[in-house]
Structure formats: C-alpha cells, structure tokens
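Written out below as structure tokens is the structure these notes cover.
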Amino acid sequence: MLFKATVDGWAGWGSVFCDAVLFAPLVEAILLREGLPVAPVENLTPGTNAVFAAGDYVVKIFAPISSGLDTRRDFEVELAVGRHAGARGIPVPRVVASGQLEDAYLFRYLVQQRVAGKSALQALPDMQACQRRNLALQVKAMLRCLNRPAPGLLPGVDIVGRAIDNPRLKGLPDVLVGQLAALARMQQATPRVLVHGDITGDNILIRPDGQAVIIDLADACLAPASYEMAALGFELFRWDRDMVEAFAGQDGVDGFIADSLRGLALHDFAGGMIRDFVARCGESLSCVQSVQMLHALIKRTLYGHDKKSRVF
C-alpha cells in the first residue's frame, strides 16, 4: 500500500491530511498514472481535503469515506464547475486530470495547473487603497461571468431549508437567528444562479502580474445571487471601505450590505462568519442581538474608525 496511515473518522483524517511526507507516494503515483512529471511534494493551505503542490501541478486528494465525510459530491462539483468556469474565460486553475485511486482507501483526486502567487489573505495587508479597489473590481468582473443560470450543471440543493435548520447558528442570539430564518424564507422563489459559495481571502490567489484567480470550487452550488455576497463582505473584503465601495459601484454601499445580509441568511457558514466578524471587531455576540445590530456594526466598521486599524 502507498498510504500507510489509518483513517478512522474525522479525527484520524484531520491528523494526517496535511502530511506531505505521508501523501508523497500517493501524489507521485497519481502523477505517473496521468503521464505527468514527478516533483517534490509540498504542503499548501490546509482545508477539508489533502492538497499538495508538485512542480507545476496541484494535486487535491479528497477525504475517503472512512473519514466520516462523503466527499464524492465535492469532487464532482469541483470538476464540473472548474471546467464550466474555464470554458467561460473565468480565471480558475486549469483541470489537468481527474480520477480515483484504489489503495488503502478509495481516493478521488484532481490535478490542476499550479498558479503562482499569494492568497488575497496574505497580500491584502500590504496593498494600497488603489490595489484593494482593483482587486474588488476584478472579483466583480469574474462573478459577473460566473453568477449566471446553469441549469443541469449541479444537482439541486434546498438552500432555504438548509439555512433554516443550520446547526452552525447554534449559540447565536435567538432573535438574530429568527430574523435570519425569515430573510431566508423570503428568498424561496428567488432565481438560482451558479455561485462559488466561498469567496474568501484564502480562495482568491493573486498572481505576480496582479491577476486574481478563483480557487477551491467544491462549495459551488445553485443559489440566489445574494449567497455569493455573504463571503465577499464578511470574509474577503472584511468590510474594508475601499473594497466595498469599488465593488458596490453605482448600486451603493447600502445595497451591497443588504445583499450580503440576505446571503448570510442563506449561507451554510453563516455562524462562523458572524462569530469571526464580531471577534475581529473586538466585540462579543451580545452586540449583534438582531440583524439591525449586525447592520449597525458593519456600518461602524466601514465608517466609524480609521481603516488602517482594520485586521485583514
């Protein structure tokens, strides 16, 4: 066997999935199977799945079923959306190969062209205002191409039902949770488009020439367009005034905030977004007892203090 570890549940997978030495034989076998050159295996930013660089390629190995996660949908979504986006000229890593390898476990994998550059999370603290605005405009242009109807591309998901029963909201103020559920229900009949679903600082790479590239498409789904705005506001822009104003354009900042809150009400990761935002503001959850209070905290972040004090 190439893979020498035991994966029994999430704890077992979580203890090994960043281990480049452990995964190197699997990565090398995948490259050889696909007729690609073997190169030293390097760690990349960790996520749910095992992701490594090898020369000019990135090899993503999806968690096996023994991890407690069924990642087949993630694999199929990332493959389908990656090809769909690439065909439309959206800057995403090119899919070079895909398949599955039966070893100690069944491992599904994707091989993508490696993109040189920094994540937006790494780059933003050193960016000038004009550079941050330019990044926001690049993302806007990419999403204008991506966030369109794509019937049949992905299986349907009950976005509203999932949002109302979202266990990640547990522990948030009751009034806030109830208001978010009401906002979600209001979008039941809203047309669905293809959304990336997780446009964060980790999932935007910035090449040396300044071109932004979208990565990690496994959370893509068909949802109201507002779904995309939640991660933009709370995780990529982090309510930086320059970025928000550039992205909002003639629609105005208030319209963008409203869209982000509607998207937050639908988003699977809403609980984490709210908690992280409140923590970055140095506040406790008691300051966001309602959507109105959350809106007010966003406004204070945008306009209430020197932008230089913000943490990206």
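The values are calculated or read from the model by the stated rules, or taken from the named source; none is laboratory data. As the structure is a computational prediction, the values presented were derived from the model and not from experiment. Cβ coordinates were reconstructed from backbone atoms using ideal geometry, including for glycine residues, and neighbour counts include every protein chain displayed. The area values use the complete protein model at the heavy-atom level, side chains included, leaving out ligands, DNA and RNA. Shrake-Rupley method; radii C 1.70, N 1.55, O 1.52, S 1.80 Å.
When MET186, MET243 are checked against the criterion of being among the aliphatic types (A, V, I, L, M), surrounded by fewer than 19 Cβ atoms within 10 Å (Cβ to Cβ) and farther than 21 Å from HIS84 by Cα, MET186 stands alone in meeting it. The set of residues from the range 248-287 being of a type outside the set (Lys, Arg), within 18 Å of the chain's Cα centre (by Cα), surrounded by 15 or more Cβ atoms within 10 Å (Cβ to Cβ) and in a helix (DSSP H, G or I) comprises ASP259, SER260, LEU261, GLY263, LEU264, ALA265, LEU266, ALA270, GLY271, MET273, ILE274, PHE277.
Just a yes or no: is a residue in the range 192-200 more than 28 Å from LEU297 (Cβ to Cβ) and either modelled with pLDDT under 95 or open to solvent by 50 Å² or more (accessible area, probe 1.4 Å) (or both)? Looking for residues that are more than 28 Å from LEU297 (Cβ to Cβ) and either modelled with pLDDT under 95 or open to solvent by 50 Å² or more (accessible area, probe 1.4 Å) (or both), one finds at least one in the range 192-200, hence yes. When you look at VAL115, is it part of a loop (DSSP other than H, G, I, E, B), within 22 Å of GLY272 (Cβ to Cβ) and either modelled with pLDDT under 95 or touching a Pro at 6+ places or on another chain (Cβ under 9 Å) (or both), yes or no? For VAL115, the condition - part of a loop (DSSP other than H, G, I, E, B), within 22 Å of GLY272 (Cβ to Cβ) and either modelled with pLDDT under 95 or touching a Pro at 6+ places or on another chain (Cβ under 9 Å) (or both) - is not met.
Would you confirm, using the coordinates I've provided, whether LEU302 is open to solvent by 10 Å² or more (accessible area, probe 1.4 Å), aliphatic (A, V, I, L, M) and either closer than 30 Å to HIS84 by Cβ or in contact with a helix residue (DSSP H, G or I) (Cβ under 6 Å, 6 or more places away or on another chain) (or both)? No, not satisfied. In this structure, is SER290 modelled with pLDDT under 95, among the hydroxyl-bearing types (Ser, Thr, Tyr), open to solvent by 10 Å² or more (accessible area, probe 1.4 Å) and more than 23 Å from the chain's Cα centre (by Cα)? No, not satisfied.
Scanning the range 43-58 for residues that are more than 18 Å from the chain's Cα centre (by Cα) and either within 15 Å of LEU2 (Cβ to Cβ) or modelled with pLDDT under 95 (or both) turns up ASN43, ALA54. So, in the range 1-33, of the ones that are of a type in the set (D, E, K, R) and within 14 Å of LYS60 (Cα to Cα), which residue ends up surrounded by the fewest Cβ atoms within 10 Å (Cβ to Cβ)? Applying the filter and picking the extreme gives ASP19. Whether any residue in the range 82-89 is surrounded by fewer than 19 Cβ atoms within 10 Å (Cβ to Cβ), within 25 Å of LEU2 (Cα to Cα) and touching a residue at least 12 places away in the same chain (Cβ under 8 Å) is what I want to check. Looking for residues that are surrounded by fewer than 19 Cβ atoms within 10 Å (Cβ to Cβ), within 25 Å of LEU2 (Cα to Cα) and touching a residue at least 12 places away in the same chain (Cβ under 8 Å), one finds none in the range 82-89, hence no.
Candidates ALA181, ALA220: the one that is among the small types (Gly, Ala, Ser) and open to solvent by 10 Å² or more (accessible area, probe 1.4 Å) is ALA181.
Pairing each residue of the range 202-222 that is over 14 Å from ALA85 (Cβ atoms) with any residue that is among the hydroxyl-bearing types (Ser, Thr, Tyr) and part of a loop (DSSP other than H, G, I, E, B), provided the two are 6+ apart or on different chains, yields C-beta distances under 7 Å for ASP202/THR45.
Restricting attention to the range 34-55, the residues being open to solvent by less than 20 Å² (accessible area, probe 1.4 Å) and in a strand (DSSP E or B) number 4. Here are the criteria: (1) open to solvent by 60 Å² or more (accessible area, probe 1.4 Å); (2) within 18 Å of the chain's Cα centre (by Cα). Tell me which single one GLN128 does not satisfy. GLN128 satisfies every listed condition except (2).
Sort out which residues of the range 235-257 are aromatic (Phe, Trp, Tyr) and over 15 Å from ARG132 (Cα atoms), and write them in order of number. PHE256 - this is the single residue of the range 235-257 that is aromatic (Phe, Trp, Tyr) and over 15 Å from ARG132 (Cα atoms).
For the range 56-68, the count of residues that are among the hydrophobic types (A, V, I, L, M, F, W, C) and part of a loop (DSSP other than H, G, I, E, B) is at least one.
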